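These notes are about the structure you will find just below.
The values are calculated or read from the model by the stated rules, or taken from the named source; none is laboratory data. None of the values given here were measured: they were computed from a predicted structure. We place every Cβ from the backbone using ideal geometry, glycine too, and count neighbours over all the protein chains shown. When the accessible area is computed, the model is the full protein with side chains, heavy atoms only, and any ligands, DNA or RNA have been set aside. Shrake-Rupley method; radii C 1.70, N 1.55, O 1.52, S 1.80 Å.
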Amino acid sequence: MLGQIFPSENIIVNLESEDKDEVFEEMVEVLVSVQPQINREEVLAALRLREAKMSTGVMPGIAVPHAISTTIKGLAGAIGISHKGIEYDALDEHPVHIIFMLLFAPLETEQHLQVMRELSGILQMPDFTKVITSKKTPQEVHDAICAFEAELAGL
């Protein structure tokens, strides 16, 4: 499932952003380019509203911003990698290097929970962060995500 949610065209291996607001805009732009029906302003507002409740920088070096939007069909995801780190107001107060952005349609609650569970499992696998940040192209990141997903599923 994660391989489908994060296709290579939705992966940025060298984020230019330096802070959370910039990274939201940079990553939403990628999603809009792939799914033009997405309302950029609505999605950015939903992400900021969710972030105001509590930072989604929940693991060392990793953030998982997520929001619900009526302009999303099913779900959409993007991955951003920053080698220099992004000031994110993370819970551990350290910069974030990998961002998994997830956007869901309002009625996709079950799929939302399933994706979050699967992502959580992969994020806790040894070497995941090191492997992902070592990849040079979006396709390499996508392939690595698929490999970790298969390993998690025991395939």
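How much of the accessible area of the chain, in percent, comes from carbon and sulfur atoms when a 1.4 Å probe is used? Mind showing how you got there, number by number?
On the way: 4150 of 7600 Å².
It is 55 percent, rounded to a whole number.
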> What is the spread of the Cα atoms of the chain along each of their three principal axes, largest first, in whole Å?
Replying inline: 35, 32, 26
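Between Ser8 and Leu91, what FRET efficiency comes out of the Förster formula 1/(1 + (r/R0)^6) with R0 = 30 Å and r the beta carbon distance, rounded to 0.05? Let's see the in-between values first.
On the way: r = 30 Å, r/R0 = 0.99.
Once rounded, the FRET efficiency stands at 0.50.
Let me check against my output: what whole-number percent is the relative contact order of the chain, with C-alpha pairs under 8 Å and at least 6 apart?
Details: 258 pairs, mean separation 44.0, N = 155.
That works out to 28 percent.
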> What is the distance, in nm, between label points placed 7 Å from the Cα along the Cα-to-Cβ direction at Leu107 and at Gln139?
Replying inline: 3.8 nm
> Lys130 versus Asp19, label points 7 Å from Cα toward the beta carbon: distance in nm?
Replying inline: 3.4 nm
> How far apart, in nm, are two points set 7 Å out from the Cα along the Cα-to-Cβ line at Arg50 and at Ser120?
Replying inline: 1.5 nm
>> Solvent-accessible area of Arg48, probe 1.4 Å, all protein chains present, reported in Å² to the nearest ten, please.
In response: 80 Å²
>> Considering just Cα atoms, how many Å³ per residue does the convex hull of the range 59-117 enclose?
In response: 84 Å³
>> I'd like the accessible area for Leu91: 1.4 Å probe, protein heavy atoms, all chains in place, Å² to the nearest 10.
In response: 100 Å²
> In deg cm²/dmol, rounded to 500, what helix-only [θ] at 222 nm does the chain give when every DSSP H run of at least 4 residues adds -39500 (n - 2.57) and the total is split over its residues?
Replying inline: -14000 deg cm²/dmol
> Taking the Cβ of Thr133 as the center, what net charge do the other residues with Cβ under 13 Å away carry, scoring Lys and Arg +1 and Asp and Glu -1?
Replying inline: +2
> Given the protein chains as shown and a 1.4 Å probe, how many square angstrom of His83 are accessible, to the nearest 10?
Replying inline: 100 Å²
